[in-house]
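Enquirer: Pasting a structure here, questions to come.
Derivation of every value follows stated rules applied to the coordinates shown; laboratory data play no part. Keep in mind the model is a prediction, meaning the values are calculated, not measured. All Cβ positions, glycine included, derive from the backbone under ideal geometry; neighbour counts span all protein chains shown.
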């Protein structure tokens, strides 16, 4: 299996694209997850059922999932810089459209535009990081990349919760949109020094994308198993996060308290992705996955009966476990595919994981309408444990990849 890049190792000055990828991940994940603060406000204004609220989450997450692979192909054709900047600007336009929406139908369109714009970041950002680092450094860099995303998840929900003290949700959405447009311009400028090298690499990748068959990913069975773990992990995480605000509201939390609670979860998630990425490299992937997924199920079950204040104390710990697995999974993608297939593999992986995260809120919303939020959370805890036998199935592949990474470093 060819794990080494097929092009020249970048110099120190070429690490700027990876730093831009970190910043873009923080921005896009922040744009994605501040929506959890807004969903209860949408429900109140439009008198939505839980299933309809889950559908709203599914619309923009579905847009993200459906366009992961096309975004990777567009980046190969037109360059990472152009597509990442355009995607960020399009996501900003989604928030601007939501802010001026006069009804539910326009809001649905706005969220679809948002998802389309957010689809560009993961395949491009992951590739920028993976092509900058190699061997054991690649796994750690992917962990840092995921950690950067959780920084955005911490900042944006807390910021919009504070903004809602002085503004309506429409005004807050407009503010986010304006900020996104400025960020899109900053991304385009920041990637300019690497434009020539990126364009040359993009051209070569574009040629490979259209001349190589889609079966070029080696160890297909291992990659499919890894993808299955990611799909289940993402589905349970997104289902939980979508309806956590409603569970907290049933415990007496205000809108501002919900924003603070989400910040606690994402703060724990940031620690979890950063620490578990390094923990996976040190202790091994299997023990790390069993630890994080097992404790995730336990924490979700404990959260259901707890009063509001003890629940808040549990949320950072839950965040660590809830997001810790994903850092290990994302870091394993470059180890199970060849260097020339990384962008496509990342696009497929994110399509599956984000796609499951798009569908699961609708499904869990139906369960919530039928059984109530607490019972739905119990189902989430049970589904999490389905990842354990799949992780055990991958133990030999992960062990082999770890040995090769150690040899390369």
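Enquirer: Using the number of other C-beta atoms within 10 angstrom as an exposure proxy, rank 178, 348, 354 with the fewest first.
Expert: 178, 348, 354
Enquirer: Next up: In vacuum, with every alpha carbon of the range 38-144 counted as one equal point scatterer, what does the Debye formula give for log10 I(q)/I(0) at q = 0.15, 0.18, 0.23 Å⁻¹? Two decimals, please.
Expert: -0.70, -0.86, -1.11
Enquirer: Once you place label points 7 Å from the Cα toward the Cβ at residue 45 and residue 77, how far apart are they in nm?
Expert: 3.5 nm
Enquirer: Please give the contour-minus-distance gain from residue 306 to residue 220: 0.36 nm per residue of separation, less the Cα-Cα distance, rounded to one decimal in nm.
Expert: Length gained, residue 306 through residue 220: 26.6 nm.
Enquirer: Taking the number of other C-beta atoms within 10 Å as the exposure measure, put 104, 260 in order starting with the fewest. Intermediate results must be reported in sequence, preceding the final value.
Expert: Numbers: 104 14, 260 19.
By the 10 Å Cβ count, ascending, the order reads 104, 260.
Enquirer: Additional query: For residue 168 and residue 395, compute 0.36 nm times the residue count separating them, minus their Cα-Cα distance, and round to one decimal in nm.
Expert: Taking 0.36 nm per residue and subtracting the Cα distance, the gain is 76.7 nm.
Enquirer: Can you list, bin by bin at 5 Å, the percent of alpha carbon pairs in the range 18-100, starting at 0?
Expert: All Cα pairs, binned at 5 Å, distribute as 3, 12, 20, 24, 18, 11, 7, 4, 1 percent.
Enquirer: In whole Å, largest first, what are the principal axis extents of the Cα atoms in the range 62-112?
Expert: On the principal axes, the range 62-112 reaches 38, 18, 10 Å in Cα extent.
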